[in-house]
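Trainee: Got a structure for you, questions after.
Readers should treat all values here as calculations from the given coordinates under stated rules, not as data from a laboratory. In this text the structure is predicted, and so the values were computed from the model without any measurement. Cβ: placed from backbone, ideal geometry, glycine included. Neighbour counts: every protein chain shown.
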Amino acid sequence: MLSACAAPQSVGDKNWQQDIAYLARKLPLVHVDGLTHTSRAAWAAASAHLQAQVPRLSNGQVIVAMTRLIAMLRDDETQLTMPTSPVYPFAAQWIGNTFT
């Protein structure tokens with residue numbers, strides 16, 4: 001008889017789960033309005049559900065799901081910014097009649 005065993009969790013999955021746990025724990029404490037637009041129970045359930053889903057999600061899906069979690073705050077100023085590649089600063093200025 002063969003028993004089913006779960007595949008070992010990847011380091012990436014553990015890192016995502018730690019990031020989600022940190023976000024779920026810290027954001028309500030530092031956000032100016034806390035969890036005004038959602039209950040603590042709903043926030044905890046959504047973050048726990050996301051942590052459980054991580055092994056079945058791609059990195060992009062985890063990022064989108066974390067953004068949805070933040071959207072529960074219903075705040076247009078709080079956002080998730082996660083560069084996927086090096087960020088190169090870019091600035092443009094109008095000088096005279098040409099764009100440089």
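Trainee: What is the spin-label model distance, in nm, from N59 to L80 if the labels are put 7 Å beyond Cα along the C-beta direction?
Mentor: 1.4
Trainee: Something else now. For the stretch 12-35, list residues with backbone N below 13 Å from a point placed 7 Å from the Cα of I70 toward its Cβ?
Mentor: 20, 23-24, 27-28, 31
Trainee: Then there is this: Which order do the peptides 34-40, 45-51 take when ranked by the mean count of other beta-carbon atoms within 10 Å per residue, highest first?
Mentor: Highest mean packing first, the order is 45-51, 34-40.
Trainee: Could you state the per residue volume, in Å³, of the convex hull enclosing the Cα atoms of the stretch 12-71?
Mentor: Cα-based convex hull of the stretch 12-71, divided per residue, equals 67 Å³.
Trainee: Next question, about the same structure. Which net charge results for the neighbourhood of A65, defined as the other residues with beta-carbon distances under 12 angstrom from its beta-carbon, given Lys and Arg at +1 and Asp and Glu at -1?
Mentor: Within the 12 Å Cβ shell, the charges total +1.
Trainee: Tell me, what HN-Hα J-couplings in whole Hz come from the Karplus equation 6.51 cos²θ - 1.76 cosθ + 1.60 at θ = phi - 60° for each residue of the stretch 19-32, using x for Gly and Pro?
Mentor: 4, 5, 4, 5, 4, 5, 7, 8, 4, x, 7, 9, 6, 4
Trainee: Also, I was wondering about something else. Can you give me the distance in nm between label points at A44 and L29, each placed 7 Å from the Cα along the Cα-to-Cβ direction?
Mentor: Taking the two extended label points, one gets 1.5 nm.
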